[in-house]
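Undergrad: Input: one structure, supplied below.
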Amino acid sequence: MTNKIQAIKFLCGPDQDHVSAQALAENQGLAEPILLQRRGYQVAWVVPQTTAVNQEIESQRLAWSQQQGLVLPAFFHDELNYYSESIDASLLMAFAIMDGEDPQSVFTTEVMLSRLGDDFEMLACSEEAVDEQQIVSIDFDAYAQGELIADDLWLRISWLSLFEEDSSLRFRFSFGLEFYEDVSLDVDKQRLAAQLCERIFPESALITQNTLLNEALRQLLQQDQLEFVERIVYLNSPKGGAQFHHDVERGHQGVVFAQLHGRTVWLVVPKLALVEQIQTYLAQQKAKSKSDSVLTSKEFESLLALDTESLGAELDSFSNNALEKLLNRSLGFNQMLLANGYGYLIAPGDIMLLPQAGEANCAWHSVFCADDYPGLALSFAIR
Ligand SMILES: [Fe+2]
């Protein structure tokens, strides 16, 4: 296993065109630049730089306990070839849905029906959305030896945003009544929903059947039994990705994200550090008698007025518009995060581990598509 990761460094502002950014990178002997952009806004031109990291278990445990993002580079490079057929099929399935094909027809192909076998029966597709971004919800029954053992498993396919040029999709597997049920209480159903994901996306085995990864996680978490639940298959598309968020859920310690196709740029910052970075940035701007170009002066002052506790609470609320703009769109703030070493490039075969201990202390993350085509990735919670 290599101890070299691709850190992401700032190159120049998004006002430069591609040719100028390329020339700038070339003059400095840097790699091909990537434009960080999402949902209609552009943040910065960045470049990946090979950086050595300490992969000793003690240092990984410390990083995990501090809620830092942990990159395991080139972790399953060789195994990707073995699953290339099912990865290609998953990409085609997703592209069909992006193009507006009826999801039910995508799931009733001979290949899909044989994958589901006698253990899972697909029921009706419902387009009655729990949210605006949902495309469809498909219900499944689970059987064992001909006996019905679970009747409320589901796969929900959703857009990641409503921005027209962003085709990012997610396939999420779970069960029961969303927002009402604590899914972590029913381990059996969690396992069945996880198995359903494995049937529909056999390349899930790149995480679940990966002996090296399982051993690395057991050592990291110092626990004998591991399960991968609440599974999501992601397609991060150009101009798409995920805005800064966390994935804290009861019963989960964190998330393992495996990139199978295409590349993504990540900013991963522990919650406490994120609060500190915001405060430092705002104070520095104030000292220079500056605000931030994405904020009105009123918004800037409103953020500056927040103490540490209120800022943490505003982050958790996901409803502070000024904060959302600063986190996701501000060149200055994102440049500062990159300068402080929070940026990573994740390529096929790489794994990103995200500790998610609790709202007060977890790895917040922001994801951008690094290519001009959609990538494919697995994101499983660790139980
Ligand atoms: Fe996430």
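Undergrad: Return the total of residues in region 247-274 being within 11 Å of the ligand (Cβ to nearest atom) and in a loop (DSSP other than H, G, I, E, B).
TA: Residues flagged as within 11 Å of the ligand (Cβ to nearest atom) and in a loop (DSSP other than H, G, I, E, B) within region 247-274 amount to 3.
Undergrad: Another question about this same structure. When the residues of region 229-247 are filtered to those that are of a type in the set (Val, Ile, Thr) and surrounded by fewer than 24 Cβ atoms within 10 Å (Cβ to Cβ), which remaining residue is farthest from Gly40 (Cα to Cα)?
TA: Among residues in region 229-247 that are of a type in the set (Val, Ile, Thr) and surrounded by fewer than 24 Cβ atoms within 10 Å (Cβ to Cβ), the one farthest from Gly40 (Cα to Cα) is Val229.
Undergrad: How many residues does region 352-368 contain that are near the ligand (Cβ under 10 Å from one of its atoms) and over 14 Å from Asp316 (Cα atoms)?
TA: Number satisfying all stated conditions: 4.
Undergrad: Sticking with this one: Would you check which residues across region 31-75 are of a type in the set (A, V, I, L, M, F, W, C) and more than 16 Å from Thr264 (Cβ to Cβ) and list them?
TA: Trp45, Ala52, Val53, Ile57, Leu62, Ala63, Trp64
Undergrad: Would you kindly identify the strands (runs of 3 or more DSSP E) lying entirely within region 31-101 that contain at least 3 residues that are aliphatic (A, V, I, L, M) and under 19 Å from the mean Cα position of the chain (by Cα)? Write out each step before concluding.
TA: Values: elements: 34-38, 41-52, 70-72.
In region 31-101, 34-38, 70-72 are the strands (runs of 3 or more DSSP E) which contain 3 or more residues that are aliphatic (A, V, I, L, M) and under 19 Å from the mean Cα position of the chain (by Cα).
Undergrad: Output yes when any residue across region 333-347 is among the aliphatic types (A, V, I, L, M), closer than 26 Å to Leu206 by Cβ and within 16 Å of the ligand (Cβ to nearest atom), and no when none is.
TA: Yes; the residues of region 333-347 include at least one that is among the aliphatic types (A, V, I, L, M), closer than 26 Å to Leu206 by Cβ and within 16 Å of the ligand (Cβ to nearest atom).
Undergrad: Moving on. Does any residue of region 115-129 turn out to be closer than 30 Å to Pro355 by Cβ and in contact (Cβ under 8 Å) with a residue 60 or more places away in the chain? So that I can check it myself, show each step before the final result.
TA: Of all residues in region 115-129, those closer than 30 Å to Pro355 by Cβ come to none.
No, because not a single residue in region 115-129 is closer than 30 Å to Pro355 by Cβ and in contact (Cβ under 8 Å) with a residue 60 or more places away in the chain.
Undergrad: If I filter region 234-244 for residues that are small (Gly, Ala, Ser), more than 26 Å from Asn3 (Cα to Cα) and more than 15 Å from the ligand (Cβ to nearest atom), do I get at least one hit?
TA: Taking region 234-244 as the starting set, the residues that turn out to be small (Gly, Ala, Ser) are 237, 240-242.
Now drop any that are not more than 26 Å from Asn3 (Cα to Cα), which leaves 237, 240-242.
Checking which are more than 15 Å from the ligand (Cβ to nearest atom) leaves us with 237.
Yes, region 234-244 contains at least one residue that is small (Gly, Ala, Ser), more than 26 Å from Asn3 (Cα to Cα) and more than 15 Å from the ligand (Cβ to nearest atom).
Undergrad: Is region 173-195 home to any residue that is under 20 Å from His261 (Cβ atoms) and part of a strand (DSSP E or B)? Give the steps one after another, and end with the answer.
TA: Step one: filter region 173-195 for residues under 20 Å from His261 (Cβ atoms), giving 173.
With part of a strand (DSSP E or B) added as a condition, the list becomes 173.
Yes, the conditions are met somewhere in region 173-195.
Undergrad: Okay, moving on. Looking at Leu315 and the list (1) within 16 Å of the ligand (Cβ to nearest atom); (2) assigned to a strand (DSSP E or B), which single condition is not satisfied?
TA: Checking Leu315 against (1) within 16 Å of the ligand (Cβ to nearest atom); (2) assigned to a strand (DSSP E or B), the one that fails is (2).
Undergrad: Let me ask you something else. May I ask you to verify whether Leu260 is under 10 Å from the mean Cα position of the chain (by Cα) and crowded, with 20+ Cβ neighbours inside 10 Å?
TA: It is false that Leu260 is under 10 Å from the mean Cα position of the chain (by Cα) and crowded, with 20+ Cβ neighbours inside 10 Å.
Undergrad: Checking Asp372 against (1) part of a helix (DSSP H, G or I); (2) touching a residue at least 40 places away in the same chain (Cβ under 8 Å); (3) out of contact with any helix residue (DSSP H, G or I) (no Cβ under 6 Å at 6 or more places or on another chain): exactly one of these is not met. Which one?
TA: (1)
Bear in mind that the values in this text are calculations on the coordinates, not laboratory data. Since we're looking at a predicted model, the values are computed, not measured. Virtual Cβ from ideal backbone geometry, glycine too; neighbours counted across all protein chains shown.
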